[in-house]
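Contents: one structure, followed by commentary.
The values are calculated or read from the model by the stated rules, or taken from the named source; none is laboratory data. Model, not experiment: these values are computed from the prediction. FYI the Cβ positions are ideal-geometry reconstructions off the backbone, even for glycines, and counts take in every protein chain you see. Just the protein is used for accessible areas: all its heavy atoms, side chains included, with ligands, DNA and RNA removed. Shrake-Rupley method; radii C 1.70, N 1.55, O 1.52, S 1.80 Å.
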Amino acid sequence: MYLLFCRNAATGFILIFDRLGGIVAPQIVNLDSFSPNAQYIAFGVLGIASGLVTLLLRETRGMQLRSEERRVGKECRSRW
């Protein structure tokens, strides 16, 4: 359960990178002029880099929620 401002910020962040990906992805096709394997290398490097970046995120399992997060979680559960 994420707070409203967290969800909105994350949605905005995702939309920015969605548009950037839409701009950059077609250009990767042009990498074929440098090397026949350049497209595969580019996607492989991006995939591995994104996997490594997720290792920088802190673990939240078992952590105590703040009182505001607890309240929001209870409200959301009561609706279902």
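Selection within the stretch 16-36: residues that are of a type in the set (A, V, I, L, M, F, W, C) and closer than 17 Å to Ser50 by Cα. The member of this set that is most open to solvent (accessible area, probe 1.4 Å) is Phe17. Of all the numbered requirements in (1) at pLDDT below 85; (2) over 12 Å from the mean Cα position of the chain (by Cα); (3) surrounded by 10 or more Cβ atoms within 10 Å (Cβ to Cβ); (4) not aromatic (Phe, Trp, Tyr), Ala10 misses one, and that requirement is (2). Taken over the stretch 37-53, the criterion of being open to solvent by 80 Å² or more (accessible area, probe 1.4 Å) and in a helix (DSSP H, G or I) is satisfied by Tyr40, Ile41, Phe43, Val45, Leu46, Ile48, Leu52, Val53.
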